[in-house]
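The values are calculated or read from the model by the stated rules, or taken from the named source; none is laboratory data. Owing to the predicted nature of the structure, the values given are computational and were not obtained by experimental measurement. All Cβ positions, glycine included, derive from the backbone under ideal geometry; neighbour counts span all protein chains shown. The protein model used for the area step is the full one, side chains on, heavy atoms only, and it has no ligands, DNA or RNA in it. Shrake-Rupley method; radii C 1.70, N 1.55, O 1.52, S 1.80 Å.
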Amino acid sequence: MASKVRPWLLLLSLVLLAAGAGLTPAAEAEPAPTFDDNYVKDWGNLQLVSQGTEADLTLDQSSGGGGFRSKSLYGSGFFHMRMKVPSGYTAGVVTTFYLTTQPEEDSTRDEMDLEFLGDKDGVPVTLQTNVILNGITKEQRLHLWFDPAADFHDYKILWNTYQLVMFVDDTPVRVLRNLSGTVPGYEFPAKPAMVIRASVWDGSAWATDGGRTKVDWSRGPFTAGYQGFDVSGCASDGGGTPCDSPDLWWNGGEYRGITDEQRAAYERVRKEHMSYDYCADKDRFPDHVVPIECSYV
């Protein structure tokens, strides 16, 4: 007569065999960083959703928009944010992700911006990148190869002692090498304390058609989503490792210049998608004496 096998004993045996064979359940994934880990509300209309893993900034006529900033100041890093800009008719609406010295109102500040300039129905959003050095703005504009309002995309700023590179996903769209040590008069953002900021606000005075097309409040509210609140940066206000240390991965050899593949992608962006470059603005530089960095693209 066959002996009876108790079900619980069989289950225990299978668990022990799986453990001995290394077939234990996979470790749970690290939880996504939340807004409160590294950022605080700065002003206006901000709402946290998805258990704090997304921050929505909304511009309407009553709020005037909203913004947030990092808790720390940074001296170098590879900063990123996943963003989805407002959709539909967004003329006059400006959506941003940027780093800036403090106070932001300082006329001699340094700043590096990704600014999305909304537009009328059927007209693509413009991405304006700014490098502001000692208060002087040097801007470029381009139309992206996708709709930034349709889904979230990665926007990144690599800033170290070797270069400043702005990326859309993994494609460089703005590159500034640091040649300040070898080229007289060459400027590079080197002030050691930058705060990360993001905002949505009313740029009717200038953002669309040179300010001729304003925000249409009847088409609002206008909401931008932000995700990805981890920060790969050297906190300049926390002591410890110097922010130019090669021990920080974003200062390593592969981040001291763009690769040949990245260079080719960057040249395609400049050729096929760029609509404005301050270096080529004849009205701005009627005597054709452009800033020195324009000769080192």
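Placing unit charges on the Cβ atoms of the charged side chains and taking the dipole of segment 122-194 about its Cα centre, the candidate lying farthest along the positive direction among Leu133, Ala150, Thr171 is Leu133. Note on surface exposure: Val125, Val269 rank Val125, Val269 by accessible area, highest first, 1.4 Å probe. Placing +1 on each Lys and Arg Cβ and -1 on each Asp and Glu Cβ, with no other charges, gives segment 105-191 a dipole about its Cα centre of roughly 420 debye.
So for Glu187, Glu261, Glu111, what's the accessible-area order with a 1.4 Å probe, most first? Before the final figure, lay out the partial values.
Values: Glu187 65, Glu261 150, Glu111 10 Å².
Descending order: Glu261, Glu187, Glu111.
Counting charges near Ala190 (Lys, Arg +1; Asp, Glu -1) among other residues having Cβ under 11 Å from its Cβ returns a value of -2. Which of the lysines could be linked to Lys156 by a straight reach, that is with a Cα gap under 22 Å, when you skip same-chain ones fewer than 8 residues away? Leaving aside lysines fewer than 8 places away in the same chain, those within reach of Lys156 are Lys41, Lys71, Lys84, Lys138, Lys191, Lys271. Shown for segment 203-297 is the translational diffusion coefficient from the Stokes-Einstein equation, using the Kirkwood radius over Cα pairs, a temperature of 37 °C and a viscosity of 0.692 mPa s: 175 µm²/s.
Positive-end ranking of Trp249, Val215, Pro192 along the dipole of segment 187-297, with charges on Cβ about the Cα centre, is headed by Val215.
Rounded to the nearest percent, how much of the accessible area of the chain (1.4 Å probe, protein heavy atoms only) is carbon and sulfur?
52
Residue-wise HN-Hα couplings along segment 44-51, as the Karplus relation 6.51 cos²θ - 1.76 cosθ + 1.60 with θ = phi - 60° gives them from phi, are x, 9, 10, 10, 8, 10, 6, 6 Hz; Gly and Pro carry x. In sequence order, segment 267-279 has phi-based couplings of 5, 5, 4, 4, 7, 9, 10, 7, 10, 8, 9, 4, 5 Hz under the Karplus curve 6.51 cos²θ - 1.76 cosθ + 1.60, θ = phi - 60°, and Gly or Pro positions carry x. Here each label is just a point 7 Å from Cα along the line to Cβ, and for Asp237 and Glu272 those points are 4.3 nm apart. Backbone amide hydrogens, once placed in the peptide plane, bring Ser76 within less than 5 Å of Cys234, excluding anything fewer than 5 places away on its chain. The residues of the chain expose, per residue, 51 Å² of accessible area to a 1.4 Å probe. Taking only the alpha-carbon positions of segment 146-255 and ignoring solvent, what does the Debye formula give for the base-10 log of I(q)/I(0) at q = 0.13, 0.14, 0.18, 0.20 Å⁻¹? For segment 146-255 at q = 0.13, 0.14, 0.18, 0.20 Å⁻¹, log10 I(q)/I(0) is -0.74, -0.83, -1.12, -1.24. Scanning residues 5 or more positions from Asn178 or on other chains, those with amide H under 5 Å from its amide H are Gln163, Leu164, with H placed 1.01 Å from N in the peptide plane. Here the Karplus relation 6.51 cos²θ - 1.76 cosθ + 1.60, evaluated at θ = phi - 60°, turns the backbone of segment 206-223 into coupling constants of 8, 5, 10, 6, x, x, 6, 10, 9, 5, 9, 5, 5, 9, x, x, 10, 10 Hz, with x for every Gly and Pro.
Measuring nothing but how far apart in sequence close Cα pairs (under 8 Å, 6+ apart) lie, relative to its length, the chain scores a relative contact order of 24 percent.
Restricting the chymotrypsin sites (Phe, Trp or Tyr not before Pro) of segment 175-213 to loop positions (DSSP other than H, G, I, E, B) with no more than 16 neighbouring Cβ atoms within 10 Å leaves Trp206.
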